[in-house]
Amino acid sequence: MPELPEVEVTRQGLLPHVIDRRVIDIYRSPFALRNPVSGELLGKHLRGATITGLHRRAKYLLFRFADKTVLIIHLGMTGKLGVFNPADSRAKHDHFTMLLSDNMEVRYNDARRFGTILIWPPEVSKKEEQRFFGPCGPEPLESEFNAQYLYEVAQKKRTPIKNFLMDSRIVVGIGNIYANEILFETDLHPGQKANTITLATWQKVVTATQIILRNAIAAGGTTISDFLNAGGKPGYFQIQLKVYGKTGEACEKCSSIIVKKAMAGRASFFCPQCQRERKSL
């Protein structure tokens, strides 16, 4: 699933192609995504509307229009957004298209159709955005995500730290790939209870999180199977991964063998020597 870096890379790639462009026409395939939205509703609010902003919140992209309409897209497991010449044939799994005033198309492709497209009309968009993102925690690259915040939230939680970091109510955008990498960088076992971690260690977590996410964005994201950016190219951060998908390989710190363990239904990769679970850290 695309995580924060991949969604941010997509946003940055789309940005110069969509700002101040008017939507001339739209296409929606007959196949439903995770949250069905009618082509009639999309057409009513998008045709003729001008895109004035493209923002990211958590793993969602928000296209903002001059009349305050907001189009929200979540890439799901296999979703991709790209810019294409209308003369290029649509791909099999292109489920949503906007033809823009520069005669280019923004296309949403999603083979597994786990993605989401929502539209908030202008009269309710502000209220809906507040409601939708109200339960979400801070962005990990912003100042609200800091050691003191994490320490205070964690005090009453015996949640394993990996689950803690992947909880969007605590911090948004950190999925399985980057949670594994953050914990390796900070020598934390994925099962270490959040309430056993000291303020000083939380600072290490914040620093590692921000470095890893920024590096991933700079590398164009991580392509494990099918992520492509807005230009149709893969990311390259996968060559910098230190534990994710490295089962049986030597730890670069101590040469112990990286292991894989299922935790809360997700694969955890870690070094059993560097990342030992402790009473407190």
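The values are calculated or read from the model by the stated rules, or taken from the named source; none is laboratory data. Predicted model only: the values in this text are computed from it and were never measured. Cβ sites come from the backbone with ideal geometry, for glycine too, and all protein chains shown count toward neighbours. Protein only, heavy atoms only, side chains kept; ligands, DNA and RNA dropped before computing areas. Shrake-Rupley method; radii C 1.70, N 1.55, O 1.52, S 1.80 Å.
Absence of a disulfide-compatible partner, taken as no other cysteine beta carbon within less than 4.7 angstrom, is noted in the chain for CYS136, CYS254. Charge tally for VAL124 (other residues, Cβ to Cβ under 13 Å; Lys, Arg +1; Asp, Glu -1): 0. Count Lys and Arg as plus one, Asp and Glu as minus one, and take only other residues whose Cβ is under 11 Å from that of GLY245; the net charge is then +1. Label zone of LEU199 (point 7 Å out along Cα→Cβ, amide N under 18 Å): in segment 136-180 this covers 144-157.
When the Cα positions of PHE65, VAL7, GLY48 are compared along the charge dipole of the chain, VAL7 comes out farthest toward the positive end, with charges on each C-beta of Lys, Arg, Asp and Glu.
The share of accessible area on the chain that comes from carbon and sulfur is 50 percent, using a 1.4 angstrom probe. Protection proxy ranking of 66-75, 140-149, by the mean of other Cβ atoms within 10 Å over each peptide's residues and highest first, is 66-75, 140-149. With axes computed from alpha carbons, what is the tilt in degrees of helix 199-218 against the longest principal axis of the chain, rounded to the nearest 10 within 0 to 90? Between helix and principal axis, roughly 40 degrees. Structure note, pairs LYS162/LYS253; LYS59/LYS204; LYS126/LYS156; LYS193/LYS260; LYS157/LYS246; LYS126/LYS193: Cα-Cα distances above 28 angstrom occur for LYS126/LYS156; LYS157/LYS246; LYS126/LYS193.
Estimated at 0.36 nm per residue, the fully extended path between MET104 and ASP67 surpasses their Cα-Cα distance by 11.1 nm. On the beta carbon distance between GLN12 and ARG278, with R0 = 41 Å, the FRET formula returns roughly 0.55. Here the gap between GLN240 and ARG266, fully extended at 0.36 nm per residue and compared with their Cα-Cα distance, gives a gain of 7.3 nm. The listed peptides 102-111, 194-203, 261-270, ordered by packing as a protection proxy, come out as 102-111, 194-203, 261-270 (highest mean of other Cβ atoms within 10 Å first).
Within segment 14-136, the proportion of C-alpha pairs whose separation exceeds 16 Å stands at 59%.
Axis of helix 176-185 versus longest Cα principal axis of the chain: the two differ by about 40°, to the nearest ten degrees. If one computes P(r) from the Cα atoms of segment 156-203, what percent of pairs lie at distances over 18 Å? That fraction is 19 percent.
Taking the square roots of five times each eigenvalue of the Cα gyration tensor of segment 12-78, the equivalent ellipsoid has semi-axes of 19, 17, 10 Å, listed largest first.
A simple spin-label model places pseudo-atoms 7 Å from Cα toward Cβ; at GLU128 and ASN35 they are separated by 0.8 nm. By how many degrees, 0 to 90 and rounded to 10, does the Cα axis of helix 4-18 deviate from the longest principal axis of the chain? Between helix and principal axis, roughly 20 degrees. Less than 16 Å apart at the alpha-carbon level, and either on another chain or at least 8 residues along: which lysines does that give for LYS44? LYS44 reaches LYS68.
Within segment 114-162, all pairs of alpha-carbon atoms sorted by distance into 5 Å bins from zero give the percentages 4, 14, 16, 19, 15, 12, 12, 6, 1.
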